[in-house]
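Presented below is the structure to which this report refers.
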Amino acid sequence: MTFFAIDNLTKRFGGLTAVNGVGFELRRDQIVGLIGPNGAGKTTLLRLITKILKPDTGKIVFNGEDITGLRPWDVVNRGISGTFQNTRPFRHLPIIANVMVPLCSPRAKSRGEWVKKIENKALDALEFVGISDMALEPASALSQGDLKRLEVARAIATEPELLLLDEPLGGLNPAESELLAKSIRRLHKGGRFGRLHSEGPAVLMIEHKLKELMSIVDRVIVVDYGEIIADGTPAEVVKNPKVVEAYLGGGHAALAGDAHAAA
Ligand SMILES: Nc1ncnc2c1ncn2[C@@H]1O[C@H](COP(=O)(O)OP(=O)(O)O)[C@@H](O)[C@H]1O
Ligand SMILES: [Mg+2]
């Protein structure tokens, strides 16, 4: 049975084709990076998968089911959850309550968790990202980097089968980035975090910090102008002339340099 596949996915904004006929498959045991220059269409692609945006053409299949027409909450209940590039917490709720909200989803409830267990699960998720000591403070107390961590905690709390991450390391310093990147890999590999996750999720992760990304993924998909230009192991893609050209051509020499350093 197909675990996850998208086929010929296209999204236009007026005259701009942000995602152009993109198709690929993911296996349950894969952790995959999604990279490309700014404006390449990475975030749009993730928002099509989480159904925040509706595609103009194309099909999305998850666990053998066509989920193309589903609404965002249906997708979460099927077992896909993600983070947003622009964080949007409930600022006036305590941090832990931000993680408890997704745990009120039918998916979480159907797994037998309810109020008593929810708080512990939320704490485990916060511990995973390293902000459990601030659990009772309002989310407005968090720095930009810590808001990213809260996003990740909210996404993993529902124990998805497929975890979508949009620049989860944004705003974190190098040491924090390395720590969270390693945690994501460990989660994927099935490492337990308290009461969370006995079986790690497949991961599709957008990240500009190529050094951290390349060190934890098995596969990298590179997009440019809404199209896939490369798909392979980290070592393969950074040597790919099209990838080097996309980064250099787009004025992203520093990123290309990062990629080489990581190879
Ligand atoms: N809601 C939107 N309305 C109009 N244009 C958008 C919208 N979202 C993204 N775009 C445009 O689509 C292109 C791809 O954007 P995005 O997916 O955010 O790229 P990336 O995440 O790779 O940097 C960009 O040109 C961006 O300006
Ligand atoms: Mg983006």
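Just so you know, all these numbers are worked out from the coordinates, no wet-lab data involved. Nothing here was measured: the structure is a model prediction, and the numbers come from that model. Virtual Cβ from ideal backbone geometry, glycine too; neighbours counted across all protein chains shown.
Quick look at the values:
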read-out: Volume in Å³ per residue [convex hull over Cα atoms, computed for the chain]; value: 123
read-out: Proportion of all alpha-carbon pairs of the stretch 10-163 beyond 24 Å (%); value: 39
read-out: Distance (nanometres) between label positions extended 7 Å along Cα→Cβ at Arg91 and Asp74; value: 3.4
read-out: Cα gyration tensor shape of the stretch 99-155, rounded if a/c is under 1.5, else prolate or oblate by comparing a/b with b/c; value: prolate
read-out: Links that overshoot a 24 Å alpha carbon limit, given the list Lys117/Lys182; Lys54/Lys117; Lys42/Lys148; Lys189/Lys209; Lys42/Lys209; Lys51/Lys109; value: Lys117/Lys182; Lys54/Lys117
read-out: Highest average packing first - 202-213, 233-244, Cβ atoms within 10 Å; value: 202-213, 233-244
read-out: Mean separation of Cα contacts under 8 Å, 6 or more apart, over the residue count of the stretch 111-180: relative contact order %; value: 30
read-out: Label point distance in nm, Asp29-Ala175, each placed 7 Å from Cα along Cα→Cβ; value: 3.6
read-out: Debye intensity ratio in log₁₀ form over the Cα atoms of the stretch 105-234, taken at each q of 0.09, 0.22 Å⁻¹; value: -0.28, -1.37
read-out: Estimated FRET transfer efficiency (Leu136, Arg111; beta-carbon r; R0 30 Å; 0.05); value: 0.75
read-out: Calculated FRET efficiency for the pair Ala5/Ala235, C-beta based, R₀ 22 Å, to 0.05; value: 0.30
